[in-house]
1. Let me confirm something: among B:162, B:223, B:178, B:199, which residue is within 14 Å of chain A (Cβ to nearest Cβ) and either among the aromatic types (Phe, Trp, Tyr) or under 21 Å from the mean Cα position of the chain (by Cα) (or both)?
2. Within the stretch B:136-147, is there a residue that is touching a residue at least 60 places away in the same chain (Cβ under 8 Å), in the same structural domain as residue B:23 (by TED's automatic domain parsing) and in contact with a helix residue (DSSP H, G or I) (Cβ under 8 Å, 6 or more places away or on another chain)?
3. Filter the stretch A:111-127 for residues that are surrounded by fewer than 13 Cβ atoms within 10 Å (Cβ to Cβ) and either of a type in the set (A, V, I, L, M) or modelled with pLDDT under 85 (or both) and give the result.
4. Consider residue B:118 carefully, then state whether it is surrounded by fewer than 18 Cβ atoms within 10 Å (Cβ to Cβ) and within 32 Å of the chain's Cα centre (by Cα).
5. Restricting to the stretch B:90-107, and then to whatever is surrounded by fewer than 17 Cβ atoms within 10 Å (Cβ to Cβ) and not basic (Lys, Arg), can you tell me which residue is nearest to the other protein chains (Cβ to nearest Cβ)?
6. Give me the strands (runs of 3 or more DSSP E) completely within the stretch B:24-132, filtered to those with at least 3 residues that are over 28 Å from residue B:220 (Cβ atoms), ordered by residue number.
7. Which members of the stretch A:38-85 meet the condition of being part of a loop (DSSP other than H, G, I, E, B) and among the small types (Gly, Ala, Ser)?
Amino acid sequence: MATRERRPGSRRFSPAAAGADLLLVLWFAFSLFPILWMILLSLKTQAEQTSTYFRFTPTLENYTTVLSAEGERITSVDFTGALFTSLVTSLGAVALSLVIGVPAAYAAGRWAYRGSGDVMFTILSFRFAPELMVIVPLFIIYNQLGLFDTAFGTIWVLQLVTLPLIVWILRSYFQDLPEELEQAALLDGYTRTRAFLTVALPLVRPGIAASALLAFIFAWNNYVFPLILTGSENPTVTVAVTRFLGGGGQAYYNLTAAAALLAALPPLLVALSIQRYLVRGLSFGAVKS
Amino acid sequence: MSTLELRGLGARYGKKPVLHGLDVSVGDGEFFVLLGPSGAGKTTTLKCVAGLVDRADGSVVIGGRDMTGVEPYERNVAMAFESYALYPQKTVADNLASPLRSGRLGTWTEAERAARIEAVTTTLGIDHLRERLPKELSNGQRQRTALGRVLVRPADVYLLDEPLSHLDAKLRATMRAELRRLGEFSRTTTVYVTHDYQEALALGDRIGVLRDGRLVQVGTPAELWDAPHDTFVARSLGQPEMNLLPARADGGVATTAGGLAVGVDTNVSGPVELGVRPRDLTVTAGEARPEGFRVRGRVELAERLGRSVELSVRTEASGGGPGDTLIAVTDDPDVRERTAVTLSTEHSRVHVFAGSDPGAYAHRVGSARPRTDTEGEQR
């Protein structure tokens, strides 16, 4: 009797596997429901915004309102301007972090000196210390230095978000790189700077791309810093979205949902387009080959 | 082209010292081999010469110039790393071009570079691989590329770290012969690191044996072979390893635990070790020539290894001893297990090592000699 080879992926039915699948489906429904709710909410009119029915007349009016002068009249903040500010500050923050962070990560990965562990821990502590802990002194400093509500001020404070990420991810990349490659370059007649630029740097490009994109998403999504440190001139998009909730006045949930979905698009597109690259880039540095 | 001198060269890994003050002087154009087991400090020595070790003690002098504090890229030394250290993003040709492009070692036109690379890759038999990336090469090809990156450029000193270790046995023998023929090596001062005694003996003008960060002995291959400084050097060279029999010397005679007795210098006394290389022992079926060192025994084990046969011989119990076990090698295919044989050699081939503190290596004090007491002449 001929036996049939089982194809990979095909499996026999078993109650345990079916139960696991069911749990997965439930989990997906649970975690994706808020997003579905938001999409539905963004399509409802002002009158229907608090109804829980799924039957309503869908409209794209909310999106046009958010992006038009009408939206600005409601929130006194230009939403498209905020989108642009977020783009500038997030890209600026990542660029500045790369300029500072790549050499810092190289130094941290290659040389141990007195206090090097403390320096690295301090950089890491920016990540796990609550932002609210430092926000009051930062607010006072920003007011006195004239950095309040400026794009440059936001770029500056976002270093607390982007720099630790880039330094710590890239440090493991540089550590995984054999030191003898740069030593070979030194013996080939290159200075230490040129050995870094021509040998080490090109080899950590995947890591630079992955950490930069991750840092971009984190910077874009940051809320607390721009909430306190920006006003009506240069708010980021995360701050602008919440303006539609109306401080004490009329709350526009449908407009908020539309604005939030618009604000989520750029990082979503970035993440989707480089998803495979991102996963590979992040895991490459972590796993020793 | 330059001389190389190490003066009290020391290095530590963390707090643990790995080199304890090496002193050696390598002549212009000399091929110097550093031989030692792994962890002896061979690679560290090379990296100290190249200037890649921070905080090394002592000094490295190349061509009369003290290199202390001189950056690696200004020392004009070339090194082949054991890990190859090929630039993974560059092709073989670009790897070889790297030292020529740095501008620090001289200037070449594009055509001169291409010609140089072609010559070197052809010599090393990797000319057909010039456009490949290192990941597309076998280990042997990578090793030859690493060697090529050294040969392609002029240098005062070549440093080669186990350049043949990853080749298969056949290719290793071929490359060993090739290396000797390469003009670059006969003209350029070279330090060659290996743990393979055959490479050391075949290639080295002189050999330095390194153990635990110390140079045990420096000498020509013949010197090391004929008069090893201690039992460590003696056992480092040759396969099978030298037979070493613990013995006690008294009144010009050394007697092993098994009862074997040979004449030694009268001022040697106390615990000694007697060493005979297996290949120095002549195996004869009956009686052997009357003069020299000889001992009768019975073959316990005969291992046929191609052309030669490795024998484990139990010597005849004599003087109340239970007999000793000696390894010998013969080309005679008819030697069978449990047959009686006589092992013999010249007295000068029997090394005497004295001063065996427990755990330390005994130093060579000379070779055996004919016994002067009456008992020795009876056989």
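1. Numbers: B:223 fails: within 14 Å of chain A (Cβ to nearest Cβ); B:178 fails: within 14 Å of chain A (Cβ to nearest Cβ); B:199 fails: within 14 Å of chain A (Cβ to nearest Cβ).
Just one listed residue meets the conditions, B:162.
2. Checked the stretch B:136-147: at least one residue is touching a residue at least 60 places away in the same chain (Cβ under 8 Å), in the same structural domain as residue B:23 (by TED's automatic domain parsing) and in contact with a helix residue (DSSP H, G or I) (Cβ under 8 Å, 6 or more places away or on another chain).
3. Selection gives A:112, A:113.
4. No: the conditions fail for residue B:118.
5. Out of the qualifying residues, it is B:103.
6. none
7. Step one: filter the stretch A:38-85 for residues part of a loop (DSSP other than H, G, I, E, B), giving A:43-60, A:68, A:76-78.
Result: A:47, A:51, A:68, A:76.
Table: residues versus (1) free of Cβ contacts under 8 Å to residues at least 24 places away in the same chain; (2) more than 23 Å from residue A:181 (Cα to Cα); (3) over 24 Å from the mean Cα position of the chain (by Cα); (4) within 11 Å of chain A (Cβ to nearest Cβ).
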residue: B:10; (1), (2), (3), (4): no, yes, no, no
residue: B:22; (1), (2), (3), (4): no, yes, no, no
residue: B:25; (1), (2), (3), (4): yes, yes, no, no
residue: B:31; (1), (2), (3), (4): no, yes, no, no
residue: B:46; (1), (2), (3), (4): no, no, no, yes
residue: B:51; (1), (2), (3), (4): no, no, yes, yes
residue: B:55; (1), (2), (3), (4): no, no, yes, no
residue: B:81; (1), (2), (3), (4): no, no, no, yes
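The values are calculated or read from the model by the stated rules, or taken from the named source; none is laboratory data. Every value quoted in this text rests on a predicted model; they were computed, and no experiment measured them. Note that we place each Cβ from the backbone using ideal geometry, even for glycine, and neighbour counts take in every protein chain shown.
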